[in-house]
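Inspection log for the structure reproduced underneath, given as structure tokens.
Just so it is clear, none of the values below were taken in a lab; they were calculated from the coordinates. Computed from a predicted model, the values in this text were never measured in an experiment. Please note: Cβ atoms are built from the backbone with ideal geometry, for glycine as well, and neighbour counts cover all protein chains shown.
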């Protein structure tokens with residue numbers, strides 16, 4: 001079945017440093033979504049990418065979808081302590097609208 | 001996006017007992033799902049809750065252990081039956097609305113089985 005791999009598993013940065021997490025799918029995706037889960041919280045939708053090579057920005061966050069629609073990345077510029085949490089990518093898999101989630105990247109930011 | 005109210009938020013249960021988790025959505029949703037998440041791990045899909053019919057279970061999950069109901073478009077329950085310590089986890093419900101593929105989640109139920 002479809003697999004969605006995400007690296008790194010953990011990332012520790014100093015406040016102000018940049019951060020990037022990468023997502024790779026074993027199959028071509030019709031779209032890819034990114035979610036953020038704060039410690040003790042539930043996943044919250046951030047964005048969806050649909051087009052090959054698409055780039056979207058949300059303030060300090062930049063999301064990219066690969067040309068082959070099998071990989072994606074999330075880049076955070078100048079991290080802040082509010083960025084702490086686990087970032088998941090997710091792609092549609094199998095029948096219906098079910099999502100397959102990557103393993104997540106847990107980001108900690110040292111002030 | 002819609003809001004899902006999930007309860008209980010946490011519980012500590014004796015092994016061999018059962019716990020039913022409820023999710024109520026503030027508006028109609030097309031699809032509802034149940035996930036399990038070990039602390040620090042990713043989300044594992046348990047099943048798709050189908051309105052008025054049996055849920056569709058993922059490999060490794062069975063109806064006898066995780067019976068699911070979805071009597072209407074805004075409500076679903078997941079029961080964790082005959083619990084053992086291995087069932088200790090966070091359980092999350094999720095919904096999709098209309099043509100959107102953006103998923104929204106309940107607050108989660110942190111279950112500890114002793």
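Using only the Cα atoms of chain A, construct the convex hull and provide its projected area averaged over every direction, in square nanometres to one decimal. Please report the intermediate quantities before stating the final value.
Working: hull surface 26.0 nm².
Orientation-averaged projected area of the Cα hull: 6.5 nm².
Let me know the mean shielding of A:97-106 by other chains, meaning the per-residue number of their Cβ atoms within 10 Å of its Cβ.
5
Measure out, as a whole number of angstrom, how far apart the alpha-carbon centroids of region B:1-64 and region A:59-77 sit.
Answer, in whole Å: 30.
How many percent of DSSP beta bridges within chain A run antiparallel, rounded to 5?
In chain A, approximately 90 percent of DSSP beta bridges are antiparallel ones.
Peptide B:102-113: average number of partner chain Cβ atoms within 10 Å per residue?
Rounded to a whole number, the mean comes out at 3.
Please report the relative contact order for region A:4-110, taking Cα pairs under 8 Å with a sequence separation of at least 6, and give it as a percent rounded to a whole number.
About 37 percent, as a whole number.
Per residue, how big is the convex hull around the C-alpha atoms of region B:63-110? Give it to me in cubic angstrom, could you?
Cα-based convex hull of region B:63-110, divided per residue, equals 95 Å³.
Determine one quarter of the surface area of the Cα convex hull of chain B, which equals its mean projected area, and express it in nm² to one decimal.
So the Cα hull casts an average projection of 6.6 nm².
How are the C-alpha pair distances of region A:58-111 spread across 10 Å bins, as whole percents from the shortest bin up?
With 10 Å bins starting at 0, P(r) equals 20, 45, 27, 7, 0.
Which percentage, to the nearest 5, of the DSSP beta bridges contained in the protein assembly as shown is antiparallel? It would help to have the intermediate numbers written out before the result.
Working: 68 of 77 bridges.
Within the protein assembly as shown, antiparallel bridges account for around 90 percent of the total.
Taking each pair of distinct Cα atoms in the protein assembly as shown once, what is the resulting Kirkwood hydrodynamic radius in Å?
Working: mean 1/r = 0.0553 Å⁻¹.
Averaging 1/r across every pair of different Cα atoms and inverting gives 18.1 Å.
Can you tell me what share of the DSSP beta bridges in region B:4-113 is antiparallel? A percent to the nearest 5 is fine.
So the antiparallel bridges amount to about 90 percent of the total.
To the nearest whole number, what is the average tally of beta carbon atoms from other chains within 10 Å of the beta carbons of peptide B:23-33?
1
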